[in-house]
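Undergrad: Handing you a structure now.
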Amino acid sequence: MKRLEYLMRRVFQAVCILLVIAVVNFMLIRAAPGDPASVMAGEAGASDPIFVAQLRERFGLDKPLPVQLLTYVGHVARLDLGESYRQQRPVASLIAERLPATLILTLTAFVAALTFGVTLGAWSSAKAGTWMDSLVTTFSMIFYATPLFWLALMAVLLFSVKLDWLPGFGYETVGSGYAGMARFIDIVKHLVLPATVLAVFYMAVYARMTRTSMLEVAQMDFIKTARAKGLTPGRILRRHILRNALLPVITLAGIQAGAMVGGAVLIETVFAWPGIGRLMFDALVQRDYNLLLGTFLVTAALAVAFNVVTDLLYTLVDPRIELK
Amino acid sequence: MNTTFWRKFRRNKGAVAGLVFLVLIVVLAALAPVIAPNSPWDMVQRPFLPPLGAPGFWFGTDTMGRDIWSDLAYGARVSLLIGLVSTLAGVVFGTGIGAFAGFYGGWVDNALMRFTELFQAVPSFAMAIVLVAIFQPSVVSIVIAIAVVSWPPIARLVRGEFLTLRNRDFVHAAKLGGESNLRIMFTQILPNAAAPIIVMGSLMVATAILLESSLSFMGLGDPNVMSWGYMIGAGRTSLREAWWVSLFPGVAILLTVLALNLIGEGLSDGLNMRIDGRRRA
């Protein structure tokens, strides 16, 4: 019961955050240099005064600002994000089409980063002070400093262009006619490079965090007790140190999951992965501001949703945590 | 910055290496017009000249025959400048918010922290993209966008420090001495919270440089200045034919960011901090 109450409160908070983002969105388009109607219409539309006048009427831009704001928030609440004038289609349906690709990419990368990051961190803390530990630490330092988009380009260059091992472009082979299992394998092949590149940075973060946290927990009294009881080192490492050391890592992962959605923008751009990030890039290039702000709102919503989910996972991992 | 600090900093070999490299980059940026023989925009050789392809062109030329070495030198200016200025802006704003929240507590704290959480909930890169796109790409809009997305961790850190420091005896003494709240906050408490702010600030410069390069790569750089991210973006279309155009600026970003992170670790060693900003027990 307590968990349900907690869940409700978190969802309410998330809705509030999204509402504020919608308001910010509304203000941004009005803060942009130039007439909001022509900004919405994009540069091509701006050259046509009749079209701009129509837009102004349709969006009630001649009405007072508070009325405009309410209208806008009302539209957003009904998932109406306006029209993309470049693509002649509603923004919401453009985004809905791209959502699955982004979810596949970020979730795969998130799971991979967490699994490998924690494993590497745990391993490196168990071997603390050896050359293997230094190797893991050095590589996490390097990957932590690597620009994602550059790593993505270099991965394409090496694994797609030079070695021709994996496809470096798109979501599946266009016109291949694959179906069923063959199509699944084709998509997985396309997923390997973008997901790996996106995961590598976060893997470095989790590995460092796990290592530090485990070394800290290993100093604690209950670990000495466990040793004195004669438990095997492997058991102590897994059951006693790792379980307790994971908590700060999961906290961080919850925050990072949201950032990962942002990182996906770069990865999708380089790999032409047909997700929301790629859509955001297209909107930028075409100066399609309505679409840009729509993708921003949905990206933020995804990040907030990820945070709520990891928060709930957190309470499952550690029953000691108070639901407040 | 006393001798103990330097002794501890020097013990961290990575931090020393980072510092040496950063000094080199700063020199490169400062002396760009002297060191780099060509303007970063001029066509000075044939396009797609490979590295070492002609005397004096160690790094080759890009798709438009511009000297990559000169681009790198001038790009260093932009990366360092934007990294530093946006971090300063973010630190000043975050410190202000955190100081008021931590010092006054209660509803002030509550309101300011909800405000901070709001910014933390939004993916920072997406937000930076939108801000720069709406306000048109320029050095100023990029600096503001990076500052806007990077201040929340500083605010939280400063708030935490102020929450513990505000009950110390020296603060009570200052209050009895009749000092104003503002004066106490910024002349009494803030200096005592300086160490973790410095450590986090040095790491923020690294993040800011990564953000700037990502924005420039997406085509949101200032069109009037050469930057490393722009170079990578410009080389992207000819990746197959001319890998070096994108490779070198990426290495430059990587090494600079790495150097700053290493320096951050060294600073935290020297100032007895843990890397996440908490004071070591």
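Undergrad: Classify region B:151-264 as rounded, prolate or oblate from the Cα gyration tensor: take a ≥ b ≥ c as the square roots of its eigenvalues, call it rounded if a/c is under 1.5, otherwise prolate when a/b beats b/c and oblate if not.
TA: prolate
Undergrad: To the nearest 20 debye, what charge dipole does region B:1-129 have about its Cα centre, counting +1 at the Cβ of each Lys and Arg and -1 at the Cβ of each Asp and Glu?
TA: Here the size comes out at about 620 debye.
Undergrad: Moving to a separate point now. What are the lysines whose alpha-carbon lies under 24 Å from the alpha-carbon of B:Lys13, with same-chain residues fewer than 8 places away excluded?
TA: Once the sequence-local lysines are set aside, what remains near B:Lys13 is A:Lys127.
Undergrad: List, in order, the whole-Hz ³J(HN,Hα) value for each residue of region A:223-237 obtained from phi through the Karplus relation with A = 6.51, B = -1.76, C = 1.60 and θ = phi - 60°; use x for Gly and Pro.
TA: Result, ordered by residue: 6, 4, 4, 4, 5, 4, 6, x, 5, 6, x, x, 5, 4, 4 Hz.
Undergrad: Can you compute the charge dipole magnitude of the protein assembly as shown about its Cα centre, using +1 on each Lys and Arg Cβ and -1 on each Asp and Glu Cβ, nothing else charged? Give it in debye, rounded to the nearest 20.
TA: Working: 50 positive and 36 negative charges, 491 e Å.
About 2360 debye.
Undergrad: Which is farthest toward the positive dipole end of region A:91-317 among A:Ala92, A:Ala113, A:Phe149, measuring Cα position about the Cα centre, with Cβ charges +1 (Lys, Arg) and -1 (Asp, Glu)?
TA: Of the options given, the answer is A:Ala113.
Undergrad: Show that you can apply the helix-only estimate: for chain B, add -39,500 (n - 2.57) for every DSSP H stretch of four or more residues, divide by all residues, and state [θ] at 222 nm to the nearest 500.
TA: Numbers: 12 runs with 188 residues, N = 281.
Value at 222 nm, helices only: -22000 deg cm²/dmol.
Undergrad: Let me make sure I get this right: for the protein assembly as shown, a, b and c are the square roots of the gyration tensor eigenvalues over alpha carbons, sorted descending. Under 1.5 in a/c it's rounded, otherwise prolate if a/b > b/c, else oblate. Which is it?
TA: Details: a/c = 1.29, a/b = 1.15, b/c = 1.13.
Rounded is the answer for the protein assembly as shown, as its axis ratio a/c remains below 1.5.
Undergrad: At a 10 Å Cβ-Cβ cut-off, how would you order B:Met113, B:Met204, fewest neighbours first?
TA: Numbers: B:Met113 18, B:Met204 28.
In increasing order of surrounding Cβ atoms, one gets B:Met113, B:Met204.
Undergrad: For a quick check: with amide H placed at 1.01 Å from N, whose amide H comes under 5 Å from A:Glu83's, ignoring anything fewer than 5 positions away on the same chain?
TA: A:Val91
Undergrad: Taking the Cα centre of region A:91-317 as origin, work out the dipole magnitude from +1 charges on Lys and Arg Cβ and -1 charges on Asp and Glu Cβ, in debye rounded to 20. Walk me through the numbers on the way to the answer.
TA: Numbers: 16 positive and 11 negative charges, 200 e Å.
That gives a dipole near 960 debye.
Undergrad: Using a 10 Å Cβ count of at most 15 others and DSSP loop calls, identify the longest part of chain B lacking such GluC sites (Glu not before Pro).
TA: Of all site-free stretches, the longest is B:1-178.
Undergrad: If you keep only loop residues by DSSP, which trypsin sites (Lys or Arg not before Pro) in region B:168-224 have at most 13 other Cβ atoms within 10 Å of their Cβ?
TA: Details: sites: B:Arg168, B:Lys175, B:Arg183; in loops: B:Arg168.
For trypsin sites (Lys or Arg not before Pro) across region B:168-224 that sit outside H, G, I, E and B with at most 13 neighbouring Cβ atoms in 10 Å, the list reads B:Arg168.
Undergrad: Among B:Asp42, B:Asp269, A:Asp221, A:Asp311, rank each residue by its count of other Cβ atoms within 10 Å, from fewest to most, as a rough exposure measure.
TA: Arranged by neighbour count, lowest to highest, B:Asp42, B:Asp269, A:Asp221, A:Asp311 become A:Asp221, B:Asp42, A:Asp311, B:Asp269.
Undergrad: Could I ask something else about it? Mind listing the phi-derived Karplus ³J(HN,Hα) values for region B:140-157, rounded to whole Hz, using 6.51, -1.76 and 1.60 with θ = phi - 60°, and x for any glycine or proline?
TA: Taking θ as phi minus 60°, the curve returns 5, 5, 5, 4, 5, 4, 5, 4, 4, 8, 10, 6, x, x, 5, 4, 5, 4 Hz for region B:140-157.
Undergrad: Loop only by DSSP, 13 or fewer other Cβ within 10 Å of the Cβ. Give me the chymotrypsin sites (Phe, Trp or Tyr not before Pro) in region A:161-232 that pass, ordered by residue number.
TA: Qualifying residues, ordered by number: A:Trp165.
Undergrad: Bins of 5 Å, beginning at zero and ending with the bin holding the largest distance: percent of Cα pairs per bin for chain B, please.
TA: 1, 6, 11, 14, 15, 14, 12, 10, 7, 5, 3, 2, 1, 0, 0
Undergrad: List the aspartates and glutamates whose Cα lies under 14 Å from the Cα of A:Lys229, skipping any in the same chain that are fewer than 8 positions away.
TA: Cα-Cα hits under 14 Å: A:Asp221.
Undergrad: Let me ask something additional. Using Cα atoms only, what is the angle between the long axis of helix A:180-218 and the major principal axis of chain A, expressed in degrees (0 to 90) to the nearest 10?
TA: 50 degrees
Undergrad: Further question on the same structure: Out of A:Thr173, A:Ile17, A:Ala272, whose Cα points farthest toward the positive end of the dipole of chain A (charges: +1 Lys, Arg; -1 Asp, Glu; placed on Cβ)?
TA: A:Ile17
Undergrad: If you take every residue apart from A:Ala92 with its C-beta less than 13 Å away from the C-beta of A:Ala92, what net charge results, scoring Lys and Arg +1 and Asp and Glu -1?
TA: Cβ neighbours under 13 Å give a net charge of 0.
Undergrad: So which trypsin sites (Lys or Arg not before Pro) in region A:216-264 pass both tests, a DSSP loop state and at most 14 other Cβ atoms within 10 Å of the Cβ?
TA: Sites meeting the loop and neighbour criteria: A:Lys229.
Undergrad: Setting aside same-chain residues fewer than 8 positions from A:Lys2, which aspartates and glutamates have a Cα under 20 Å from its Cα?
TA: A:Asp311, A:Asp318, A:Glu322
Undergrad: While we're here: Mind listing the phi-derived Karplus ³J(HN,Hα) values for region A:90-95, rounded to whole Hz, using 6.51, -1.76 and 1.60 with θ = phi - 60°, and x for any glycine or proline?
TA: Taking θ as phi minus 60°, the curve returns x, 4, 4, 6, 4, 5 Hz for region A:90-95.
Undergrad: OK, next. Among B:Val122, B:Ser213, B:Ala15, flag the residue with its Cα farthest along the positive direction of the charge dipole of chain B, charges on Cβ as +1 for Lys/Arg and -1 for Asp/Glu.
TA: B:Ala15
Taken together, the values in this text are just the output of simple stated rules run on the coordinates, not laboratory data. Quantities reported herein were computed from a predicted structural model and do not represent experimental measurements. Positions of Cβ are generated from backbone atoms using ideal geometry, with glycine treated the same way; all protein chains shown enter the neighbour counts.
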